[in-house]
Amino acid sequence: MNRIFASILLTTFSAIAFAQAPQIKSGATVFIEPMDGYETYLAAALAKKKVPLVVVADKSKANYTVTSSVSQRAPTAPAVVINNTNGVNNSGPRSGYPAPGSFGRTSASISVIDAKTSQIVFAYAVGKAANTNQLQSTAEACAKHLNEFIEKSEKPKK
């Protein structure tokens, strides 16, 4: 009798846990927390990547809140040509071009938080290097993966 009851209880809790898997529905409203201007890059990336969410300016009207963090490592100084008078096209470390990896690095992360339950329903982190607009690039990567998460959660389960 206890085994039957335990089995029924386990099945019930498994179904409840499965039903509460984090997901974000298309058309949901999101408020993007201010982050030194990064919120603008993120809002633009959501539009560019056609993420099916509605960005709102009023936090109280949002189904979800998006928080983010960004860190940037400054580029190293490029090598400078000093007295290259031999007429040879020098492509070595003193050629006047930045060394590989000297463009700096930007790391960003986002979390999408359910406004009612405070549950983190999506999180993603990305790092980009050697790119002219790393803030835009990291925001677009976050938006792309958020879009994939929404699409995946809306596909019918087989």
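Values quoted throughout were computed directly from the atomic coordinates according to the rules given, and no laboratory measurement underlies them. Remember, it's a predicted structure, so these values are computed and weren't measured experimentally. Note: ideal-geometry Cβ built from the backbone for every residue, glycine included; neighbour counts use all protein chains shown.
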- prompt: Taking the mean number of other Cβ atoms within 10 Å as a proxy for protection, how do you rank 26-32, 108-114 from highest to lowest?
  reply: 108-114, 26-32
task: Could you rank the peptides 137-150, 54-67, 33-46 by their average count of other C-beta atoms within 10 Å per residue, with the highest value first?
output: 137-150, 33-46, 54-67
field: Estimated FRET transfer efficiency when R0 is 35 angstrom, pair Lys50-Arg73 (beta carbons, to 0.05)
entry: 0.70
Normalised alpha carbon radius of gyration of segment 30-72 [divisor 2.2 N^0.38 Å]: 1.12
task: Report the extension gain between Thr29 and Asp58 in nm, rounded to one decimal, defined as 0.36 nm multiplied by the number of residues separating them, less their alpha carbon distance.
output: 9.4 nm
- request: List every residue whose amide H lies under 5 Å from the amide H of Ala115, counting only residues 5 or more places away in sequence or on a different chain, with H placed 1.01 Å from N in the peptide plane.
  value: Tyr64, Thr65
statement: Cross-link reach from Lys61 to aspartates and glutamates, straight Cα distance under 19 Å and at least 8 residues apart if same chain, gives Glu33, Glu39, Asp114
